[in-house]
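Here's the structure we're looking at; comments come further down.
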Amino acid sequence: MTTLADSVAARLAAQPGVQRVPTPKAAVFQAKRFAPADLAAELIALIDRDRRPSTIADDNGDPVFRTSETCDLPADHPSVQRIEALITALAGIDPAYGEPLQGQRYAEGQEFKAHTDYFAPDGRDYQRFCALSGNRTWTFMIYLNDVTAGGATRFKLLDKTFQPEAGKLLCWNNRLPDGPNGEAGSVNHATLHHGMKVRKGVKYVITKWYRENPWRG
């Protein structure tokens, strides 16, 4: 039986320029030069315009756990519509399942310590964030610029580290294929990742998350 996760992974693997990261622990893919330079520059300008301090679900009491800035990108902006169309064409996931696109900015010294993109099923904020649309399934993240030093994304449990490169796409499935009939099942803790400190320069990324059910806010 072919599941959505299988079909997305197969579609990604078949795309020119997309590489599946060699690990049996998670479905992770990368593609260089995915976002054109002019589009990346337009998205960076939007992030700079609307950025605000980032927050986290299930606050763990660490005031410096996530020190970046975040913004919600306007869905009706031509640049946002353009990158959304590129991601949809690549992944083949119904846009109805996607969260609004977010942008993140990391200045020197800022980071997002090791975390998962899915919401912990036993977390106190799980119902708040997942009651309507379910948990997160796929993550699509795009680096918008080169960073002078630091700012890598490290998956400790996969023993993989990805350096920020302008236009590079990194995506992964946050779930395990252990549900009934091979359907997406429990969350995959191996997708734990760390947005490491920027040592010199500024890092800009955009992130697109998909849900189990159509997005309802």
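No lab work stands behind these numbers, since they all come straight from the coordinates. Computed from a predicted structure; not experimentally measured. Positions of Cβ are backbone-derived with ideal geometry, glycine not excepted, and every protein chain shown enters the neighbour counts.
Summary of values
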read-out: Kirkwood Rh, angstrom, region 1-82 [1 / mean 1/r, Cα pairs]; value: 16.3 Å
read-out: Pair R51, Q81: separation of 7 Å Cα→Cβ label points (nm); value: 2.7 nm
read-out: Theoretical FRET efficiency, 1/(1+(r/R0)^6), r = Cβ-Cβ of T23 and E99, R0 30 Å, to 0.05; value: 0.75
read-out: Of every Cα-Cα pair in region 128-217, the percent that sits beyond 18 Å; value: 53 percent
read-out: Förster radius 45 Å - calculated FRET efficiency between A10 and V64, Cβ distance, rounded to 0.05; value: 0.65
read-out: Cross-link pairs K113/K197; K168/K208; K113/K160; K25/K156; K156/K200 - those with Cα-Cα distance over 20 Å; value: K156/K200
read-out: Convex hull volume of the chain per residue (C-alpha atoms, cubic angstrom); value: 120 Å³
